Structure formats: C-alpha cells, structure tokens
1. For residue 293, state whether it is open to solvent by 30 Å² or more (accessible area, probe 1.4 Å) and not in a helix (DSSP H, G or I).
2. Within the stretch 273-282, can one find any residue that is of a type in the set (S, T, N, Q) and either open to solvent by 10 Å² or more (accessible area, probe 1.4 Å) or assigned to a helix (DSSP H, G or I) (or both)?
3. When the stretch 209-249 is examined, which residues are found to be out of contact with any strand residue (DSSP E or B) (no Cβ under 6 Å at 6 or more places or on another chain), closer than 22 Å to residue 63 by Cα and in a helix (DSSP H, G or I)?
4. Collect the residues in the stretch 334-347 that are more than 13 Å from the ligand (Cβ to nearest atom), among the charged types (D, E, K, R) and open to solvent by less than 70 Å² (accessible area, probe 1.4 Å), keeping them in residue-number order.
5. If a residue has to be touching a Phe, Trp or Tyr at 6+ places or on another chain (Cβ under 9 Å) and within 14 Å of the ligand (Cβ to nearest atom) to count, how many in the stretch 348-376 make the cut?
6. How about the stretch 136-171: which of its residues are outside any loop (DSSP other than H, G, I, E, B) and in contact with a Pro (Cβ under 7 Å, 6 or more places away or on another chain)?
7. Give the residues of the stretch 169-199 that are within 16 Å of residue 236 (Cβ to Cβ), away from the ligand (no atom under 11 Å from the Cβ) and open to solvent by less than 10 Å² (accessible area, probe 1.4 Å), sorted by residue number.
8. Of all residues in the stretch 316-328, count the ones that are open to solvent by 10 Å² or more (accessible area, probe 1.4 Å) and within 13 Å of the ligand (Cβ to nearest atom).
Amino acid sequence: GFYGPFGGAFIPEMLIPNIENLKKNYLKVIHSETFKKEFKSLLQDYAGRPTPLYYASRLSKKYNSHIWLKREDLTHTGSHKINNTIGQILLAREMGKKRIIAETGAGQHGVATATVCALAGLECIVYMGEIDIKRQAPNVARMKMLGAEVRAATSGSRTLKDATNEAIRDWIAHPTETYYLIGSVVGPHPYPDLVARLQSIISEESKQQFREKTGNEFPDYVVACVGGGSNAAGSFYHFLEHPQVKLIGAEAAGMGLSSGKTAASMALGETGIIHGSMTYLMQTDDGQITEPYSISAGLDYPGVGPLHAWLNKSGRAKYLSVTDKEALQAALLLTREEGIIPALESAHALAALNQMEIKPDDNVIITISGRGDKDMQTFMDQLNLV
Ligand SMILES: CC/C=C(/N=C/c1c(COP(=O)(O)O)cnc(C)c1O)C(=O)O
C-alpha cells in the first residue's frame, strides 16, 4: 500500500482489525464478476454514466487551444463522488455492514453517501464541520431528506479535517457493524487504492471518448482539482503510464500561499502522517497539522492523498495552486462562455489554464468534478451578482 515512500497505514491499534478486514476483502470483491456487473449497471442506469467529454468551443477560442470538459457535474447528485460511493456501498454490503459513516466537506460526498444508503436501505451518519454545514447548506438539506443523520464537527477548524477526525473516532467506537465510507484517496491503505480504482472510470471513459472524437491517441494535458485527490486520481489513472500526457493538479491557495490562509498542501506541505497515511501535509514546526483555509469546502484540507505526494515527488504530475479569487473568476468565465456553472472546487482546475503554457493545437482535458448549485450563495456574495 505504498506510493514510493508515501501511503501505508499508520493507525491506532484499535483500528487494525477493521483495516485488516477491509484489506483482505476489497480486491477480491471489486474484481469479482458480480461486483463488476452491478457496479457497471448502477454507474450507467443510476449515476448516468458515461459522462460527456464536451468540446468547449468558446472557451477553446478564448485560450486558443482545444479544451475538453469531462462532465462529472452531470452525474446523479452532481459530482464524481457518486462513482466512489456506489462502489463502496456494494463492498460494505458484501462485508455484511449495516451502519455507514462518512465525512464530508463540500457535502457532495455526504449527499452521495446518503444517496447510496437510501438505495441500499442502510443507516447513514455523516460528519460535517460546523463551518461547512453553513456554507454548503443546500447539501445538508439534501442529506437530511435522504434520511442521513448529519453530525456537526466542532473541533479545530470545523471543516473537512475535523469531520474526518470525528468519523475515525466513531469508527473506533463502533468497529464491528460499521463501515467507514471514505470520500477521497486519503486515509490508511487500502482506502487510497480502493477509491482511486473506483474513480478510474473517469479516465477509462475519457481516454476512449478522446480517441473517438479526435482520432488522436492521447491529449497533451489532463487537468483536475485536488482536495484529497480522488477526481484527479480518477482523471489521471489510465494516463499514468503514458508520459506524453502531462498531468496537472490544481490545489487551493486560498488567500495566497504566504497569506497563512491556504490549503496548498503540495506547495507548502512537508512529509508527515495525516489520517493514517504518510503523505504531504501543512504542519507547524512541531508537527501539528496547520489549520487550512479555502473558499471551496471540498479543497479545504491540509493534507493530500499519498498518490499525489508521490506523483509530485516523482515529477509525473505537476501541481499548481489557485487562489479563491482566481477560482471565482474562472467559474464566472465558464458560466458566461459555456453556460456551465461549475462547483468552486472544479473552478480551481479551470483557473489552472492561466498558469499553463498551452500551444494552439494542444488538447487539454479538464475534469469538471461537480456542479455549482451548492455554491450559489458564495457566488452571489463574492461576484456581486444582484
Ligand atoms: C470527502 C470530502 C470532500 C468533498 N468534496 C470534494 C470535492 C472535490 C475535491 O475532492 P477530491 O476529488 O477527492 O480531491 C472536488 N470537486 C468537488 C465537486 C468536491 O465536492 C465532499 O465532502 O463533498
């Protein structure tokens, strides 16, 4: 479970039986014919896959290159999170679990978890930072309507990191009947690998769609935003072995790298352990986790998945950092040029275009990881849209 020096499972003793059990089961289950059949049919008939690979012609003119948008915003519940929760709910059911817990920041993972719990008739408890409960209120309402119990995390920065802490504490307290449905490529092995495999459907589709639509073998760039890193892991996955495809991750610089209010774990982080995984994270001199900040709840996390720590260190992928303002401007640009309102998280990937030297005939695939409905209050406030 290692990506170079990163990854592993650095967990408290009390979690070892759960993690061992998951490690023993996950590959057997996700490689079984019954799982693959059910996973594929739910992705298609329930989540609405394949998602379009849309040629953004007005945006392409603006950037004088070829911009393709992978539309994860068009899945059921409105983000890539549903790919992961469908896979993990099938795994949880296979493992005989009745009680599902999850963490959420933007609320997209929380909604996607509550959705598959309703589908499977399982109990659902979602931990969410108090700050995020306020700034992603529409998603809290959706979780409750879907029958989930939303529990506020009131420690620390009261955002994603703290919700994750609370979920892990719950899991330690209720080990046998509970399945922890993690929302990104973070946490102890096997979670980063499991979630990357489930999200790899994104590039399984985009690789084929790109070839069909252009006759070219590969795009020049694949760009995705990075919170924990799951939509990026899925977007990169089937291109990892092809170095002619440049991989760009966009993380949240918040108010700026030197502002002290940022979530740019790659740019500012150092090697350390967070939520059971050896990776990069923003930390104080004595190794305490630095409180992160981002306008976008889904990127407001001080760490990053170990896969990305490795891709960064090995040079296989490049990570750019995008400020709140740059993301807001990119969201408005996409909305005005293509009539698509992206999630604030996805807007960071779009803004990365301004930091890339793309050539006129370059093909760039950008993952729109989610839709902007949940962010409308922030857009109204920040973009003075009366
Ligand atoms: C698991 C915690 C992250 C959440 N969301 C993260 C997120 C992200 C960042 O998460 P990753 O793809 O895992 O880096 C990107 N796009 C959208 C629309 C998101 O909602 C959530 O709770 O909804």
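The values are calculated or read from the model by the stated rules, or taken from the named source; none is laboratory data. In this text the structure is predicted, and so the values were computed from the model without any measurement. Neighbour counts are summed over all protein chains in view; Cβ atoms, including those assigned to glycine, are modelled from backbone coordinates with ideal geometry. Ligands, DNA and RNA are excluded from the accessible area calculation, which covers all protein heavy atoms including side chains. Shrake-Rupley method; radii C 1.70, N 1.55, O 1.52, S 1.80 Å.
1. Answer is yes for this residue.
2. Step one: filter the stretch 273-282 for residues of a type in the set (S, T, N, Q), giving 277, 279.
Checking the rest, the ones that are also either open to solvent by 10 Å² or more (accessible area, probe 1.4 Å) or assigned to a helix (DSSP H, G or I) (or both) come to none.
Checking the stretch 273-282: not a single residue is of a type in the set (S, T, N, Q) and either open to solvent by 10 Å² or more (accessible area, probe 1.4 Å) or assigned to a helix (DSSP H, G or I) (or both).
3. 210, 211, 213, 214
4. Answer for the stretch 334-347, where residues must be more than 13 Å from the ligand (Cβ to nearest atom), among the charged types (D, E, K, R) and open to solvent by less than 70 Å² (accessible area, probe 1.4 Å): 337, 338.
5. Matching residues across the stretch 348-376 total 3.
6. Across the stretch 136-171, the qualifying residue is only 161.
7. Matches in the stretch 169-199: 198 only.
8. 1
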